[in-house]
Amino acid sequence: MRWSLKRFEWLYLFFGSKKFTLGIFLVLCLFLIPRTFIKTEDIQLGTWGSMIFGLVGLNLALCTLQRIKTIAKAVIVIHVGVLMSFAGAVISSFGYIATVNIYEGKKADKVYRWDLKKDMPLGVDIMVKKINVQYYPVAVKVGVLRGKEKVGLFMLKTGESFHLEQFTVKADNLELMQAQKLNLSIYDGDNLVGTADTLGDNTLPADFPYEFKLVAYQNPSLKRLWVDLSLSKDSEVVTEGTSEVNHPLTWGKFSFYNTKVDTDEYGFPFAGIQITNDPGVPYVYVGFAVAGIGSIIFLFKRLYGYR
């Protein structure tokens, strides 16, 4: 038995050696650096990436075991945290990323799986209820008509107001996705009379004498972009919420990110949705936390433990 164990002792020493550490980190760099220059939706590590991270974790584990009697306890805690993060990276390889473009007001029940390179059902219907675009204040020119008579031309920024006899007209926001229009709110004192846009739609009283036209506007700067999503299963809504680049809508094991908004050749708006299923994320976060705790303990002991 001892003889058979000694046959594998060289593997134990080799995979925990500094030479293997340098070698596997070189391989890791050669694997990751080219991927930073490749434009692709598929950001998963894949089989090879998982194997490399697994070997890095194995090296760290064996290196720690071989030197455990000489390593400070705080450093061991740091190593455990790093190992958990590597384990999370490997577990993430069992997840996947999928994408789909959905028109505003429409649903999709299939997504493109980048790991399988084909469309697959997700098990839930995704509906883009509304695409929301918010700009920083934009300079606009608003023309006011009474019938065919030109009453005035007002220059202001969105969020500001102008006076029209007893009325106060507020320029709420500019919309440019499907049509160029400015949304307005009209007040009589502190009372909201109604709303209107510069394309003619309004909730104003029938005898309201004025209409508004968007004469000109400056090119706006985008402030925020998000979509309202609804997820349903068997015609029953399971969850609703908003989604944007860094704030996904989360449901079960899935996270739904809004990655882009655009219009097709006919002017119809659609949203690009990225769906991630990443089971390794909790392990990575816990690993970071454990490594951070170990680092704090190590620094505390170095600063206050040895005087």
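Each value in this text was obtained by applying a stated rule to the coordinates, not by laboratory testing. Everything numeric in this text was worked out from a predicted model, so none of it was measured. Reconstructed Cβ throughout: ideal geometry from the backbone, glycine too, with neighbour counts over all protein chains shown.
Given a cut-off of 25 Å, name the pairs among Lys69/Lys301; Lys129/Lys253; Lys130/Lys150; Lys110/Lys253; Lys106/Lys253; Lys107/Lys253 whose C-alpha atoms lie farther apart than that in the structure shown.
Listed pairs above 25 Å: Lys130/Lys150.
Could you check the spin-label model distance between Asp262 and Lys118? Points 7 Å from the Cα along Cα→Cβ, value in nm.
2.6 nm
Which of rounded, prolate, oblate describes the range 99-150, given a ≥ b ≥ c as roots of the alpha-carbon gyration tensor eigenvalues and a/c under 1.5 marking rounded, otherwise prolate only if a/b is larger than b/c?
Taking the square roots of the gyration eigenvalues as a ≥ b ≥ c, the range 99-150 is prolate.
If you take the square roots of the eigenvalues of the alpha-carbon gyration tensor of the range 118-179 and sort them as a ≥ b ≥ c, do you get rounded (a/c under 1.5), prolate (a/b over b/c) or oblate?
It is prolate, given that a/c is not under 1.5 and a/b is the larger ratio.
Roughly how many debye, to the nearest 20, is the charge dipole of the chain about its Cα centre, given +1 on each Lys and Arg Cβ, -1 on each Asp and Glu Cβ, and no other charges?
With Lys and Arg at +1 and Asp and Glu at -1, about 2640 debye.
Which one of Ser243, Pro269, Leu184 has its Cα pushed farthest toward the positive end of the charge dipole of the chain, where Lys and Arg give +1 and Asp and Glu give -1 at the Cβ?
Sorting the options by dipole projection puts first Ser243.
Starting from 0.36 nm per residue, how many nanometres of slack lie between Arg35 and Val245 once their C-alpha separation is accounted for?
Here the answer is 73.5 nm.
So, in Å, what gap is there between the alpha-carbon centers of the range 227-261 and the range 199-218?
Measuring centre to centre over Cα atoms gives 35 Å.
Starting from the Cα of Phe300, step 7 Å along the direction of its Cβ; do the same at Thr203; then give the gap between the two resulting points in nm.
That separation, rounded to one decimal, is 5.7 nm.
Which one of Val142, Tyr210, Val284 is farthest out on the positive end of the charge dipole of the chain, using unit charges on Cβ (Lys, Arg +1; Asp, Glu -1) and the Cα centre as origin?
Val284
Mind sorting Thr242, Thr276, Thr198 by how few other Cβ atoms lie within 10 Å of their own Cβ, fewest first?
On the way: Thr242 16, Thr276 20, Thr198 23.
Final ranking by Cβ density, sparse to dense: Thr242, Thr276, Thr198.
Size of the dipole of the range 82-129 about the Cα centre, Lys and Arg at +1 and Asp and Glu at -1 on the beta carbon, nothing else charged, in debye to 20?
In debye, rounded to 20, the range 82-129 gives about 100.
For the range 137-217, what class follows from the C-alpha gyration tensor (a ≥ b ≥ c being the square roots of its eigenvalues): rounded when a/c is under 1.5, otherwise prolate if a/b is larger than b/c, else oblate?
Values: a/c = 1.38, a/b = 1.29, b/c = 1.07.
It comes out rounded by the Cα gyration axes.
Please work out how much length the chain gains when fully extended from Ser232 to Glu9, using 0.36 nm per residue of separation minus the C-alpha to C-alpha distance, in nm with one decimal. Working shown, then result.
Numbers: separation 223, 0.36 × 223 = 80.28 nm, distance 5.60 nm.
This chain segment gains 74.7 nm when fully extended.
In whole angstrom, how far apart do the alpha carbon centroids of the range 141-180 and the range 93-115 sit?
Using only Cα atoms, the two centres lie 41 Å from each other.
What full-extension length gain, to one decimal in nm, is calculated for Lys223 and Ala179 as 0.36 nm per residue of separation minus the Cα-Cα distance? Please list the in-between numbers first.
Values: separation 44, 0.36 × 44 = 15.84 nm, distance 1.90 nm.
Answer, rounded to one decimal: 13.9 nm.
In debye, nearest 20: dipole of the range 183-307 around its Cα centre with unit charges on the Cβ of K, R (+) and D, E (-)?
Computed about the Cα centre, the dipole is about 1500 debye.
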